[in-house]
Structures are given as structure tokens and as C-alpha cells.
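Engineer: I'd like to ask you about the structure that follows.
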Amino acid sequence: MDRDAPVLLFGMDDPLRVIRTFVNNFDAQMAKSALEAAGIDSMIRSDDCGGTRPHLWLGGVELLVRQEDAAEADELLGTRAVSAEAGDDAAE
């Protein structure tokens, strides 16, 4: 599947875009949580028979967002966390 092509799901008006593909569901869930904390809706798509066959993740676990949120979500996931101590040192 072309990563840049929008994905249309049945019953949804907004096209979705794959912004990341992960090796496992745990990493995908962590990224989804970060997006939700920032107010960006997202969903995870994997071909693993509903979680019963995780070895089928050969294509990876995809994180999708609305096309209109893709740039912001990509930027958010591309940033690294800075500890409060490191942030205090930088301000001085």
C-alpha cells in the first residue's frame, strides 16, 4: 500500500493517512496515546486476526490519522521528550 495515498474506510467521510508503521502493537499503542493526549484522533490497523495471531504482523502495525491531522501528528511523533531538569538547564 502506498503510504502517501489516503485510505477511505466504510462509513467515514474523512480520508485517513498512515503516518507510522510499527513492528508491534505496543509501540503503536504508545504513539496512539501520545496523539490522543494532544487531541488528535487516530486508529491502529493490523492484519492479525483481531489480535489472536500476532505473528501475522508481517506488514507491520499501522497508525492512521485523518488526512487533515497528518502533518501535526507526524510532527508530534517526531519530537523527543525533554525532562524537566534538562528544560530548566536550557532556560538558564
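Engineer: Pick from region 13-44 the residues that are in contact with a Lys or Arg (Cβ under 7 Å, 6 or more places away or on another chain) and part of a loop (DSSP other than H, G, I, E, B): which of them is farthest from VAL65 (Cα to Cα)? Can you show your working first?
Structural biologist: Restricting attention to region 13-44, the residues satisfying the condition of being in contact with a Lys or Arg (Cβ under 7 Å, 6 or more places away or on another chain) are 14, 16, 18, 31, 41-42, 44.
Filter again for part of a loop (DSSP other than H, G, I, E, B), leaving 14, 41.
On the way: ASP14: 10, ASP41: 6 Å.
The selected residue is ASP14.
Engineer: Test ALA31 against the stated conditions and say whether it is at pLDDT 90 or above, closer than 19 Å to LEU77 by Cα and surrounded by fewer than 16 Cβ atoms within 10 Å (Cβ to Cβ). Even if it seems obvious, please write down each step before you answer.
Structural biologist: Numbers: at pLDDT 90 or above: yes; closer than 19 Å to LEU77 by Cα: yes; surrounded by fewer than 16 Cβ atoms within 10 Å (Cβ to Cβ): no.
When the stated conditions are applied, ALA31 does not pass them.
The values are calculated or read from the model by the stated rules, or taken from the named source; none is laboratory data. Predicted model only: the values in this text are computed from it and were never measured. Counting neighbours? That spans all protein chains shown, and the Cβs are built from the backbone with ideal geometry, glycine included.
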